[in-house]
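The values are calculated or read from the model by the stated rules, or taken from the named source; none is laboratory data. If you're wondering where the values come from, they're calculated on a predicted model, not measured in any experiment. Cβ atoms come from the backbone with ideal geometry, glycine included; neighbour counts cover every protein chain shown. The area values use the complete protein model at the heavy-atom level, side chains included, leaving out ligands, DNA and RNA. Shrake-Rupley method; radii C 1.70, N 1.55, O 1.52, S 1.80 Å.
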Amino acid sequence: FTMYGMIAVQGLSLVPLMFIFISASMKNLDPTFEEASQVSGASFLTTIRRITLPMLLPSLLGVAILAFIFTLESFEVPLVLGGGVQADIFSSHIYFALNDASGSSPRYGLVAALGLHFLAITYVLILVYHRILGSNNERYATIHGKGFTKKLFLLGSWKWPLAVGLFGFLMGISVAPFLVLLWMSFFPSYVQPSASAFSQISMQQYGSLFQDSRFLSTWINTVVVAMLAPTIAVGLTAVLAWMNVRLQQFSSVRLIIDLFVSSSLAIPTVVAANALLLFYLLINRAMPSWFPLVGTVVILVLVYSYRIALAYRVNRSAILQIAPELEHASYISGGSSVQTLIRVVFPLIMPSILAVWMFLFLVSFRELTLPLVISRE
């Protein structure tokens, strides 16, 4: 319950995001560039610094922007850990402005003003992203007509220190929290781990869980939402990202599309949930009685799909790695744009598509803010 603890927990929670997306980009790197560097006498670290990292620049910048904005809009961690140190940040300030304990009406004007700060920050970051990468996207292409074979790098004397460090890190961010949750599940309230506490272990919590009539329907609804929402977001943004990257002659249009699609990143989840709730309440009035929105799984799927900006940034970085010559070969062979997209582009960016789909699936599974706000209806 300190500022340092809140920062540490928030930072560790971003590790899966960084790992999944960057590793997907690394799978498409051609190792011949790194081999040429080492043959020229460059050391391993020099090759990483001057070859690998520059080739990964679109992905690194994209993920860095996502991580920065996720930290800005983070709500769950400050809500749980920030109260003890009075750490009032943007997202928690917005939530309490919408849910005043005194019973007063939500302060939508204050929320809108705070939301504009997020929007301005996001637009500045996107503009910086475009300025750094420039207009020549082909220089970041690593997938060409000539195939390549992935190769392993020998770590040598670094093998065991890195293995020990990785094991300790995984223990801290994955295994230890799991063991804590497992231990807590055997008690009605938290009990300090000790030898004497083993006599108090009970399976009552699990019995109550499975006896709850809502448990099965909760699982079914969660799985449906967690599968459909990422599918909508990833499929839509893959097409938009491809169109944006290949519109070379319309730089202003590309920038507008980029800013518009990325706008959902700038909207904190608390604000987005309230805005989407009001929007779908309005839409629901025009819907036929046999197809209601509010109060059904349909609205949850649509609301959870609002994270299209995350999928868009990742898919865009993946498409930048594809050399246009592969798509040109498809066109010359008589393939249409749709056929090229389905048979050439999608298979090549499949690692990124699967990575972002899996991440959105997991985010949908553990999402707290969206259902917390939507359930007020």
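One table, with the values for the structure above:
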{"item": "Stokes-Einstein diffusion coefficient of region 297-345, Kirkwood radius over Cα pairs, 25 °C, 0.890 mPa s, in µm²/s", "result": "191 µm²/s"}
{"item": "Candidate residues Val223, Val164: accessible-area rank, largest first, probe 1.4 Å", "result": "Val164, Val223"}
{"item": "Sequence of Glu325, Glu34, Glu76 when ordered by accessible area, the most exposed leading, probe 1.4 angstrom", "result": "Glu325, Glu76, Glu34"}
{"item": "Spin-label model distance (nm) - Ile7 vs Leu53, 7 Å beyond Cα toward Cβ", "result": "2.2 nm"}
{"item": "Calculated FRET efficiency for the pair Phe70/Val164, C-beta based, R₀ 35 Å, to 0.05", "result": "0.75"}
{"item": "Contour minus Cα-Cα distance for Gln205 and Ser217 (0.36 nm per residue)", "result": "2.5 nm"}
{"item": "Accessible area of His328 in the full protein assembly, 1.4 Å probe (Å², nearest 10)", "result": "100 Å²"}
{"item": "Protection proxy ranking of 59-70, 38-49 - average other beta-carbon atoms within 10 Å, highest first", "result": "59-70, 38-49"}
{"item": "Cβ-derived FRET efficiency at R0 41 Å, Val338 paired with Ser185, nearest 0.05", "result": "0.25"}
{"item": "Tail fraction, Cα-Cα pairs, region 4-46, threshold 14 Å, whole percent", "result": "65 percent"}
{"item": "P(r) weight above 16 Å for region 185-230, C-alpha pairs, percent", "result": "57 percent"}
{"item": "For Asp212, solvent-accessible area (1.4 Å; no DNA, RNA or ligand), Å²", "result": "60 Å²"}
{"item": "Per-selection Kirkwood Rh - region 164-269 (Cα, Å, 1 d.p.)", "result": "19.2 Å"}
